[in-house]
1. What list of ³J(HN,Hα) values in whole Hz, one per residue of the range 178-193 in order, does the Karplus curve 6.51 cos²θ - 1.76 cosθ + 1.60 (θ = phi - 60°) give from phi, with Gly and Pro shown as x?
2. How many Å² of accessible area per residue for the chain, probe 1.4 Å?
3. Tally up the carbon and sulfur contribution to the accessible surface of the chain as a whole percent, 1.4 Å probe, everything protein left in place.
4. Counting C-alpha atoms alone, how compact is the range 89-181: give Rg to one decimal and Dmax as a whole number, in angstrom.
5. Please list the non-local residues whose amide H lies under 5 Å from the amide H of Ala129, H modeled 1.01 Å from N, same-chain partners needing a gap of 5 or more.
6. Towards the positive end of the charge dipole of the chain, with charges on Cβ (+1 Lys, Arg; -1 Asp, Glu), say which of Asn146, Pro120, Thr25 has the farthest Cα.
7. Let me know the shape class of the range 1-66, please: from the alpha-carbon gyration tensor, a ≥ b ≥ c as square roots of the eigenvalues, rounded when a/c is under 1.5, otherwise prolate if a/b is greater than b/c, or oblate.
8. Given that compact globular proteins tend to follow 2.2 N^0.38 Å, what is the ratio of the alpha-carbon Rg of the range 201-266 to that value?
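The values are calculated or read from the model by the stated rules, or taken from the named source; none is laboratory data. The structure displayed is predicted, hence computed values, not measured ones. Positions of Cβ are backbone-derived with ideal geometry, glycine not excepted, and every protein chain shown enters the neighbour counts. Calculation scope for accessible area: heavy atoms of the full protein, side chains included, ligands and nucleic acids excluded. Shrake-Rupley method; radii C 1.70, N 1.55, O 1.52, S 1.80 Å.
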Amino acid sequence: MKILIIGGGNMGLTYARSFARAHITSRLDLRLLARSPERVAALAAHEIGTVWGHPAECVPGADLLILAVKPQDSPALFETLRGLVQPRQVVLSIMAGVRIDTLREALGTPKIIRAMPNLPAQIGMGMTAFTSTDAVTRAELVQVQNLLSTTGKTVYVEEEAAIDASTAISGSGPAYVYYCMEALMAAAGQMGFTGAEAELLVSQTFRGAVELYSQSGLSCEDWIAKVASKGGTTEAALGAFGAGQVRAGLIAGASAARDRAEELGK
């Protein structure tokens, strides 16, 4: 499969590195397209694949086009690709909020896959939800899933609406985690810990808790019960969280993120 990654930003480069590291494609079959000569030179320095600066020279020969540009740049991208995309080609878009119907109409191709990766994909720990049009064959879908899986875990969803939901949960989710971590670091600072001590206490606690959860068959509720003894310190904290509507606030935040993803799609 000849792969063309359009966009040489963080996610485009993440995919290129992941594909190369997994030996899932050769350097000759992995291509990158960037807009500026400076970016072309910067990408070429990574020696991951062949780097191009003109779409007419590389788009027609690709089997898979990966659209890894910012959503706000999509109109300019569509204009650049107009007339170059072929019906046989598979288009994988990771542009948040850009819907399948928009992609299909703008590019004139029926084979569309829309995916929502998240930031930890940069270290192979990402979570990507994806869906596709009926024109994408099962073999093509498996090939693309294998590519996406080089950056972490994947889940296929039947309905495109679930992509907006995954944007709110896993796409934006790392920011929620950092938000909670920052709050606990601030609490540690108020309790007299230095900045370095607070960072170590909180980061290792999150890392250990997630790993413990991942290696067990227990639910979050089960683990909370194991930590929170009757009348103890954890129970006191959980009571304060309840009084402050922390859980409800997180749920409301995720819902707001999903609503915004839907608005952007319109």
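1. With coefficients 6.51, -1.76 and 1.60, one gets 5, 4, 5, 4, 4, 5, 5, 5, 4, 4, 4, x, 5, 8, x, 6 Hz.
2. On the way: 14900 Å² over 266 residues.
So the chain comes to 56 Å² accessible per residue, rounded to a whole number.
3. Answer for the chain is 58 percent, counting heavy atoms of protein chains only.
4. When restricted to Cα atoms, the range 89-181 yields Rg and Dmax of 13.4, 45 Å.
5. The list, which skips near neighbours in sequence, is Met116, Val155.
6. Thr25
7. Cα axes put the range 1-66 in the oblate bin.
8. After normalising by residue count via 2.2 N^0.38 Å, the value is 1.47.
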